[in-house]
1. Helix-only mean residue ellipticity at 222 nm, the chain, DSSP H runs n ≥ 4 weighted -39,500 (n - 2.57), per residue, nearest 500. What is it?
2. Quick one: helix 88-100 against the long Cα principal axis of the chain, what's the angle to the nearest 10°, folded into 0 to 90?
3. Could you tell me whether region 1-83 comes out rounded, prolate or oblate from its Cα gyration tensor? Rule is a ≥ b ≥ c as square roots of the eigenvalues, rounded for a/c under 1.5, then prolate if a/b exceeds b/c, otherwise oblate.
4. Find the accessible area per residue for the chain; the probe is 1.4 Å, ligands and nucleic acids are left out, and the unit is Å².
5. Return the carbon/sulfur percentage of the accessible area of the chain, one whole number, probe 1.4 Å, all protein chains in place.
6. Please state the relative contact order of the chain as a whole percent: Cα pairs under 8 Å, 6+ residues apart?
7. Enter the angle in degrees (range 0 to 90, nearest 10) between the Cα long axis of helix 121-130 and the first principal axis of the Cα atoms of the chain, meaning the one along which they spread out most.
8. What whole-number value in cubic angstrom gives the convex hull volume per residue for the C-alpha atoms of the chain?
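The values are calculated or read from the model by the stated rules, or taken from the named source; none is laboratory data. Remember, predicted model here, so these are calculated numbers, not experimental data. Just so you know, the surface numbers come from the protein's heavy atoms only, side chains and all, with ligands and any DNA or RNA stripped out. Shrake-Rupley method; radii C 1.70, N 1.55, O 1.52, S 1.80 Å.
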Amino acid sequence: MSVADCKIVAFDMDGTLLNGEAKISRETWKACEELQQRGVKLLLSTGRPFVSARIASDYYPFDGYVCSNGAALFTEDGTLVKYAELPREVIISLVEISRQKDIYYEVHDQNSNRWMVEEDKERIGEMLFSEPFITEGITLEHTKREYANRQFSYNELAKFMPKDELVSKIASGEFVISKMFFGIRIRMC
């Protein structure tokens, strides 16, 4: 089988589609365009929610998106096709546990919003801006990239809501949650 036989290609983002500066290189962009001109459908497959994936991919016009670690599927225009919901009581418990520990967290809803409890805003901000922490992997380059991503998420994408209101919206099903993201602080020597 060759590339000429492919009808669909799915790309991961970090370390695959995106270069070391977390951007799509000019060469990769052109290669994607050439594949689409040949009739190949391109999917973006990522752990990120849809809005974050679109921003990080420089708004490249993919034919579809598999987001939130496969829990959310979107068409090329961002229409939600399918969404998996995590159990509400589990999410509420995890929010409570995260608030009691020194844990960074985000609750992702069906509209690609990243929610945090308003009362935790200062603590989480201090955690993000004081020193890097590892969310996955162990390389220094990866850690720096994840640190920059967390700061961007906090400053540009995160939404804060009083705890009781957020918990109420999750419990009622108004917010359908498919992903909860965690980060822990570690001391770098």
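1. Numbers: 6 runs with 65 residues, N = 189.
The helix contribution divided over the chain gives -10500 deg cm²/dmol.
2. 60
3. On the way: a/c = 1.77, a/b = 1.20, b/c = 1.48.
Judged from the Cα gyration tensor, region 1-83 comes out oblate (a/c at least 1.5, b/c at or above a/b).
4. Values: 10220 Å² over 189 residues.
Here the per-residue accessible area is 54 Å².
5. Numbers: 5430 of 10220 Å².
That share works out to 53 percent.
6. Working: 275 pairs, mean separation 38.5, N = 189.
Computed over the chain, the figure is 20 percent.
7. The angle comes out at about 60 degrees.
8. Working: hull volume 24.3 nm³, N = 189.
Convex hull volume per residue, Cα atoms: 128 Å³.
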